[in-house]
Amino acid sequence: MNWFIKNNYLNSITAACVIVLFAVVMSFENKIAIDGDARDYYSYLVSLFIDHNFTHQVGNDWFLIETPTGTINVHTIGVSILQAPFFFCALIFSKLFGYASNAFSAPFQIGIYFAGIFYCTLGLIFTRRVLQQLNIKPIYITTLIILCCFGTHLFNYTVNEPGMPHVYAFALTSTLFYTVLNLFQKRKAKYFYLSAVVFGLIILVRPVNAILLVFIPFFFQNRFDMLSTLKVLVRSKHLYFSFFVLIAVCSIQSLAWYFQNGKLLQDSYAGNGFYFSDPQIIKMLFGFNNGLFIYVPLCFLFLFGSISILMNNKFKGIVFIVSIAIIFYIFASYWAYNYFDGIGIRTFVDFLPVFVIAGAYMLQNFSPKLKYAVSALSFLFLAVNLFHIYQYRNGILKGNGMNFEKYSYVFLKTDKLYGDSLGGANELPLYSKTGRKLLFDNKINGVYQQLAYDSVYNFKNVEYGAGYDYKITKKSNSFFIVAEFERKETSKNSSYNALINLNASNTTNKSKLYLAYRLNDIPSKDCCDWKKCTLSIGVTGKFEQDDKLSFFIWNKDKKDFLIKNLNLKIFDYSYNI
């Protein structure tokens, strides 16, 4: 009876979380879930069931790679597989009620929102079950389910960006922990195969998440328990049959590649990589450019649970600390350690069950006074997380390129007038195995310059100026552009609406790429001194010989400000697949 009461109580808490998620989603005016990177993960469904041409992928140019034998998607097929039931429901609904059956109309957008809520719910349910099997008290499980749902960036990737892979990966991580824990405790055949299927899906969604395996020893009580259990498991025929199941699930991606360009195995991330000798752990965790602990401070608090784990079980404590250190090291070694647009380091949504487990031991084992303090701090951090997500959704907080100056400017700001008030560009240098190659530097070879490096350009009553053109000399797919200059306003915020523009066009002047950034990082606080500015921009696309890259300043308001010492550098980061 007590078990029934406890489970119904916990089910009610989970249901309440789902209702809140659903209510938030339905309150959005523009329900657009399939946008940006989400289009690429979704592309497999579009090509198969809408275009009926699996070699044609719909997405962003920088995630569609042309090979000599066909076009492939950088991203793997796992998200499309998990979205498929919701896609088919939307397809049927659109045909029955007269909506466009083009994979992007309202039923499909809402279908992906429902997918996000479903997989978030699934992840919360299995996280709860794992905590129950770890003998965490129901009151702490209740607290942790609420904190996990609303106090971390899981909330954002459920209600704002459900087309991204992270809510799906969160669900799979918690499910894998549940099946593996049951495999070790009950040793039933079904858990061999369930673990194999779930782990295969984890690889199909985000292959790097295979590093979850380093955490699995945590579910043993000690080294002897681990060795004795493994001895039993390796004698089971189901272990070897489950390997075939795992291979079968993973082979779905190989089949997709084969039908797209005739190859079963390939490195679709050829333009990406790791700098294992130079991990940016501090910047990844504490940097204002998407740092995990800055934007999701609850994850930092939960990690103090590792102290409790270590004090109560040395084996578990060492496993936890070593595994989280390995995870941090690998993700911080990735060339784009801020993981581009998002709130917090988005890849850690996938690993939230690990943080939640640490939080569970903290709440269960800390002294009563510490528990009260930790609980109060946890819900304060929940509020901070929701505040950051509100700012992010309304464009007050940028998903990429933040720094301390920008963060300070929008700190505690909620007025939508602050939306899109931040500017500049602070993108990381692209990945290169061999090092970047300097193609253009107007200090050295300003052949197409309108402005000498050491001259001053006055923008009074001038709309366009201070520009450079670069004629591409050979086919390329990646450039990195750095612009350095000094800016002086003649009145406060006279350059506020000025934009840095980057345009790529072909020989017939057809635009292939257009990017625009505010000239200033933040609105000016005073006037009128010279200020040094630096913008860095990564550009990926399909650039041919004789295409033109154009860089210029657009003074929309034709207000008066000065630019001097403009230095533009263009680096080649092209790669082959």
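Would you confirm whether or not region 290-303 contains a residue that is assigned by TED's automatic domain parsing to the domain that holds I77, surrounded by fewer than 20 Cβ atoms within 10 Å (Cβ to Cβ) and either touching a residue at least 40 places away in the same chain (Cβ under 8 Å) or under 30 Å from I72 (Cβ atoms) (or both)?
Checked region 290-303: at least one residue is assigned by TED's automatic domain parsing to the domain that holds I77, surrounded by fewer than 20 Cβ atoms within 10 Å (Cβ to Cβ) and either touching a residue at least 40 places away in the same chain (Cβ under 8 Å) or under 30 Å from I72 (Cβ atoms) (or both).
Look at region 75-103 and say how many of its residues are assigned to a loop (DSSP other than H, G, I, E, B) and buried (at least 18 other Cβ atoms within 10 Å of the Cβ). Give the steps one after another, and end with the answer.
First, the residues of region 75-103 that are assigned to a loop (DSSP other than H, G, I, E, B): 75-77, 97-103.
From what is left, the residues that are buried (at least 18 other Cβ atoms within 10 Å of the Cβ) are 75-77, 103.
Residues that pass the stated criteria total 4.
With D51, D40, D35 as the choices, which residue is part of a helix (DSSP H, G or I) and assigned by TED's automatic domain parsing to the domain that holds Y258? Write out each step before concluding.
Details: D51 fails: part of a helix (DSSP H, G or I); D35 fails: part of a helix (DSSP H, G or I).
The conditions single out D40.
Yes or no: region 181-190 includes at least one residue that is small (G, A, S) and farther than 29 Å from F379 by Cα. Explain how you work it out, then say what you get.
So in region 181-190, the residues small (G, A, S) come out as 189.
So of that shortlist, the ones also farther than 29 Å from F379 by Cα come out as 189.
There is at least one residue in region 181-190 that is small (G, A, S) and farther than 29 Å from F379 by Cα.
Please determine whether any residue of region 51-74 is surrounded by 18 or more Cβ atoms within 10 Å (Cβ to Cβ), touching a Pro at 6+ places or on another chain (Cβ under 8 Å) and under 21 Å from V205 (Cβ atoms).
No, every residue in region 51-74 fails to be surrounded by 18 or more Cβ atoms within 10 Å (Cβ to Cβ), touching a Pro at 6+ places or on another chain (Cβ under 8 Å) and under 21 Å from V205 (Cβ atoms).
For the structure I just gave you, tell me whether Y275 is surrounded by fewer than 18 Cβ atoms within 10 Å (Cβ to Cβ), of a type outside the set (D, E) and touching a Ser or Thr at 6+ places or on another chain (Cβ under 6 Å).
Numbers: surrounded by fewer than 18 Cβ atoms within 10 Å (Cβ to Cβ): yes; of a type outside the set (D, E): yes; touching a Ser or Thr at 6+ places or on another chain (Cβ under 6 Å): yes.
It is true that Y275 is surrounded by fewer than 18 Cβ atoms within 10 Å (Cβ to Cβ), of a type outside the set (D, E) and touching a Ser or Thr at 6+ places or on another chain (Cβ under 6 Å).
Scan region 355-369 and give yes if some residue there is assigned to a helix (DSSP H, G or I), loosely packed, with under 15 Cβ neighbours inside 10 Å, in the same structural domain as R223 (by TED's automatic domain parsing) and not charged (D, E, K, R), otherwise no.
So the first thing to find is which residues in region 355-369 are assigned to a helix (DSSP H, G or I), and the list is 355-365, 368-369.
If we keep only those that are loosely packed, with under 15 Cβ neighbours inside 10 Å too, we end up with 368-369.
Next cut, in the same structural domain as R223 (by TED's automatic domain parsing) only: 368-369.
Those still in the list that are not charged (D, E, K, R) too: 368.
Taking every residue of region 355-369 in turn, at least one turns out to be assigned to a helix (DSSP H, G or I), loosely packed, with under 15 Cβ neighbours inside 10 Å, in the same structural domain as R223 (by TED's automatic domain parsing) and not charged (D, E, K, R).
If we keep just the residues of region 506-542 that are of a type in the set (V, I, T) and within 30 Å of T67 (Cα to Cα), which is surrounded by the fewest Cβ atoms within 10 Å (Cβ to Cβ)?
Initially, region 506-542 is screened for residues of a type in the set (V, I, T), giving 507-508, 522, 534, 537, 539-540.
Filter once more, so that each one left must be within 30 Å of T67 (Cα to Cα): 507-508, 537, 539-540.
Working: T507: 11, T508: 5, I537: 19, V539: 21, T540: 20.
Across region 506-542, the extreme among qualifying residues is T508.
Yes or no: V24 in contact (Cβ under 8 Å) with a residue 12 or more places away in the chain, in contact with a helix residue (DSSP H, G or I) (Cβ under 8 Å, 6 or more places away or on another chain) and assigned by TED's automatic domain parsing to the domain that holds F86? Can you show your working first?
Details: in contact (Cβ under 8 Å) with a residue 12 or more places away in the chain: yes; in contact with a helix residue (DSSP H, G or I) (Cβ under 8 Å, 6 or more places away or on another chain): yes; assigned by TED's automatic domain parsing to the domain that holds F86: yes.
So V24 passes the test.
Select, from N509, N493, the only residue that is more than 15 Å from D557 (Cβ to Cβ) and not basic (K, R). Can you show your working first?
Values: N493 fails: more than 15 Å from D557 (Cβ to Cβ).
Going through N509, N493 in turn, the sole match is N509.
At least 3 residues that are under 25 Å from E427 (Cβ atoms) and within 19 Å of the chain's Cα centre (by Cα) in each: list the helices (runs of 4 or more DSSP H) lying fully within region 224-328 that qualify.
Where helices (runs of 4 or more DSSP H) fall fully within region 224-328 and carry at least 3 residues being under 25 Å from E427 (Cβ atoms) and within 19 Å of the chain's Cα centre (by Cα), they are 281-286, 292-295.
Considering only residues that are within 19 Å of F340 (Cβ to Cβ) and among the aliphatic types (A, V, I, L, M), look in region 143-170 and name the one that is surrounded by the most Cβ atoms within 10 Å (Cβ to Cβ).
Among them, the one singled out is V167.
Do we have N182 as over 30 Å from N30 (Cα atoms), assigned by TED's automatic domain parsing to the domain that holds I34 and in a loop (DSSP other than H, G, I, E, B) here?
Taking the combined requirement at face value, the residue does not satisfy it.
So, in region 475-498, exactly how many residues are closer than 16 Å to K512 by Cα and modelled with pLDDT of 90 or more?
So the first thing to find is which residues in region 475-498 are closer than 16 Å to K512 by Cα, and the list is 475-479.
Those still in the list that are modelled with pLDDT of 90 or more too: 479.
Total satisfying the criteria: 1.
Would you mention how many residues in region 454-482 are of a type outside the set (S, T, Y) and not in a loop (DSSP other than H, G, I, E, B)?
Here is the first cut: in region 454-482, the ones of a type outside the set (S, T, Y) are 454, 456, 458-463, 465-467, 469, 471-472, 474-475, 477, 479-482.
Checking the rest, the ones that are also not in a loop (DSSP other than H, G, I, E, B) come to 456, 458, 465-467, 469, 471, 477, 479-482.
Selection size over region 454-482: 12.
So, A103, is that one in the same structural domain as F302 (by TED's automatic domain parsing), on the phi > 0 side of the Ramachandran plot and of a type outside the set (S, T, N, Q) or not?
On the way: in the same structural domain as F302 (by TED's automatic domain parsing): yes; on the phi > 0 side of the Ramachandran plot: yes; of a type outside the set (S, T, N, Q): yes.
Answer is yes for this residue.
The values are calculated or read from the model by the stated rules, or taken from the named source; none is laboratory data. The shown structure was predicted, so the numbers you read here are calculated from the model rather than taken from an experiment. No Cβ is skipped: glycine too gets one built from the backbone with ideal geometry, and neighbour counts run over all protein chains shown.
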